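Notes follow the structure.
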Amino acid sequence: MNKTEFSFTLPFVAFALAFAAVSFMLYLSGGKSSYWLKKKMKIGAIMLTMSAASVGYQGCITTCYDMPAQNDISIDNLANYEIRVNLQENKYITGTIYERISTEFYFRITDTAYTKTFQLEQLKADDGAMDESSEKFTIMLSDSLESGIYMLNFYDYKVLAEDSAYASYPSFRLIVENNRP
Amino acid sequence: MKYSLPRIAFEITSVCNLKCKYCYNIWKAPEAEEFKHFNSYSQALKTLKHLFKVADVQHVTFTGGEPFLAERFPEIVLFTRLKNKSVSIISNGTMAKPEDYKTMSDLGVSLIEIPILADNATQHDTLTGIKGSWQKVVDSVKSIVPLKMQLVAVIVITKINYADIDKTLQFIHNQGIRRVMLNRFNIGGAGIVHQDELNLTHRELNLAYQKASEAGKNLGLSLSSNVCTPLCVVNPQHFPNIRFSSCSPKVEKRPLTIDILGNLRFCNHSPSILGNIFTDSLEKMLHSEKAQLWSNLVPEYCTNCELYSKCMAGCRAASEQLRLSLNHVDPLVLYKST
Ligand code: SF4
Ligand code: SF4
């Protein structure tokens, strides 16, 4: 297990245990204790940021009473809500921005604790201009990414290298294999 | 292999504190007196667990009734988020407290929809049937705007509020909201009883869209009209600042709706049940003859219409709500009252 993965797992397990304990206490109260409910929500919210559950939905379906989110990023290479790439076979990630309203998008690849940046670039539309309601994009992953688990974060505004990294909206788990000699 | 259902609407409770005249909920229809209301945490959890087992769901929209009245609603949202589904909520904006909205935002709920039907309490409360509901909505908006969660205001366009739609949009803009969904009154549920008060003539509806389109442009609002509207009644090209959408003929792309008992419907407006996820396979339900009728049956009224592939005869769930067959065009088309 590499360092990146470890930093994700240890605190997560601790929170998962706390979550189980708090959920049990809430269960004992018949779901009525507001004290344990607050604790459960708080720990749950922290676990969600740690596990980086995606917040954008993956595809554009317009429904009668239900509105899709804007600047909604969908990834083609997504399987079980993770992106897996073997850099020897394919270093591209493709996707679509649905309901686009912003004109500038950036992506940033960080460790799972969002403390270290490995790649930060502007997201370019495949057709060269961010001017349509849906825009397809392609990301070329850096060859220098080591095997490990990362976060791929998207931003609908300009991000500078000196800005501190943090979980974005949306972000995806990115699992990279790089067995270069 | 799991069946792919990217997006579903989950009716988490039928209970609601308001009495909206336009409410399309099927249990508000005049003949639904025997309807048994549902509101159960354990049942909701059981159904969601089963749904996630049989289907690859990416997004859940919680609707009702009023979702914030659902038993242990925050825990249901947390469960859904921990299953890595994105979540949005359709609420009436009168039940949740500021801390509830904050919790939803902390759980990563991406979007919440709240009705703002007018710029004044009188019109709004007339439509919701409960005094004080407008003020509660305004207070809710103040709590939500600073949060990470996107807020979409919904205007249900009816005879009562259409003439002042520009003022309503100005008011919405002043609250710091930039996205508005314009839902024309679509007959169904309680709206069947109140149709004479709510129905708009074609001219009135077009006038409302015209005012909205102009106001939206001036205010820089993002406007959409989501309830499928027959193209022979409203021509979207006349209203360039409003994005119009219609239901997809593809079954997986429809706004499929499941209630906490597991009953699956084509959309939250349609009363007809395709089956139950506990007893029927999704494959079977979504490819049943009944389901296919939605794509295959062209209402007689529309047989020679060149616009059919775009329009699909408007909202035929509205026809169903009026106990008409799927062979019947959207009732709005034939509504010509003066
Ligand atoms: S429209 Fe919504 S808020 Fe109004 S009565 Fe129906 S469920 Fe309640
Ligand atoms: S398909 Fe039917 S409802 Fe739609 S525009 Fe044509 S005639 Fe009107």
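Spin-label model, residue B:97/residue B:142: points 7 Å from Cα along the beta carbon direction are separated by 1.6 nm. Please report the antiparallel percentage of DSSP beta bridges with both residues in the protein assembly as shown, rounded to the nearest 5. Percentage antiparallel, nearest 5: 45.
With r as the distance between the Cβ atoms of residue B:56 and residue A:33 and R0 = 25 Å, compute the FRET efficiency 1/(1 + (r/R0)^6) and round to 0.05. Step by step, r from the Cβ atoms, then E = 0.10. The protection proxy used here, the mean number of other Cβ atoms lying within 10 Å of each residue, ranks peptides B:118-128, A:15-25, B:318-328 as follows, highest first: B:118-128, B:318-328, A:15-25. Using just its DSSP H runs of length 4 or more, each adding -39500 (n - 2.57), chain B gives a mean residue ellipticity at 222 nm of -9500 deg cm²/dmol after division by all residues.
A simple spin-label model places pseudo-atoms 7 Å from Cα toward Cβ; at residue B:3 and residue B:167 they are separated by 4.9 nm.
Using the Cβ-Cβ distance between residue B:301 and residue B:120 with R0 = 35 Å, the FRET efficiency computed as 1/(1 + (r/R0)^6) comes to roughly 0.35. Computed extension gain for residue A:160 through residue A:142, at 0.36 nm per residue and net of the alpha carbon distance, reaches 4.7 nm. For residue A:138, the amide hydrogen comes within under 5 Å of the amide hydrogens of A:124, A:126, counting only partners 5 or more places away or on other chains and with H modelled in the peptide plane. Peptide A:40-47 is shielded by partner chain Cβ atoms: per residue, an average of 5 of them sit within 10 Å of its Cβ. Each DSSP beta bridge with both residues in segment A:72-177 is either parallel or antiparallel, and the antiparallel ones are about 85%. Per-residue SASA remark: residue A:126, around 90 Å² accessible (1.4 Å probe; ligands, DNA and RNA not included).
Per-residue 3J(HN,Hα) values for segment B:217-223, derived from phi via the Karplus relation 6.51 cos²θ - 1.76 cosθ + 1.60 with θ = phi - 60°, read 5, 5, 8, x, 8, 8, 10 Hz in sequence order (x marks Gly and Pro). Projected label points at residue B:310 and residue B:283, each 7 Å from Cα along the beta carbon direction, are separated by 3.7 nanometres.
Listed values for segment A:132-149 are Karplus-derived 3J(HN,Hα) couplings in whole Hz (6.51 cos²θ - 1.76 cosθ + 1.60, θ = phi - 60°), namely 10, 5, 10, 10, 8, 9, 9, 10, 9, 6, 5, 4, 7, 5, 7, 4, x, 9, and x replaces Gly and Pro. Close amide H pairs (under 5 Å, H built 1.01 Å from N) link residue B:228 with B:247, residues at least 5 positions away or on another chain. Taking the chain by itself as reference, segment A:97-144 contains these residues with an accessible-area loss of 10 Å² or more in the full protein complex (1.4 Å probe, heavy atoms): A:99. Once the 1.4 Å probe is applied to the protein heavy atoms, the protein assembly as shown comes out at 43 Å² accessible per residue. Chains A and B together bury some 3500 Å² of accessible area, summed over both sides, with a 1.4 Å probe. Tell me whether segment A:72-177 comes out rounded, prolate or oblate; compute the Cα gyration tensor, take square roots of the eigenvalues as a ≥ b ≥ c, and use a/c under 1.5 as the rounded threshold. Oblate.
Remark: the residue A:16-residue A:119 segment gains 34.1 nm on full extension, using 0.36 nm per residue and subtracting the alpha carbon distance. Under the convention that each Lys and Arg Cβ holds +1 and each Asp and Glu Cβ holds -1, the size of the dipole of segment B:153-197 around its Cα centre is about 240 debye. For segment B:200-255, which whole-number percentage of the solvent-accessible area (1.4 Å probe, protein heavy atoms only) is attributable to carbon and sulfur atoms? Carbon plus sulfur share of accessible area: 50 percent. Peptide B:102-110 is shielded by partner chain Cβ atoms: per residue, an average of 5 of them sit within 10 Å of its Cβ. Amide H contacts under 5 Å for residue A:84: A:79, A:175, restricted to partners 5 or more places along the chain or on a different chain, H placed in the peptide plane at 1.01 Å from N. With the whole protein complex present, residue B:261 retains an accessible surface near 80 Å², based on a 1.4 Å probe.
Among residues other than residue A:43 with Cβ under 15 Å from its Cβ, the summed charge is +3 (Lys and Arg +1, Asp and Glu -1).
Below 11 angstrom from the Cβ of residue A:21, what's the summed charge of the other residues (Lys, Arg +1; Asp, Glu -1)?
My count for the surroundings of residue A:21 gives +2.
The values are calculated or read from the model by the stated rules, or taken from the named source; none is laboratory data. Computed from a predicted model, the values in this text were never measured in an experiment. When we count neighbours, we look across all protein chains shown, and the Cβ atoms used for this are built from the backbone with ideal geometry, even at glycine. Only protein heavy atoms, including side chains, enter the accessible area calculation; ligands, DNA and RNA are left aside. Shrake-Rupley method; radii C 1.70, N 1.55, O 1.52, S 1.80 Å.
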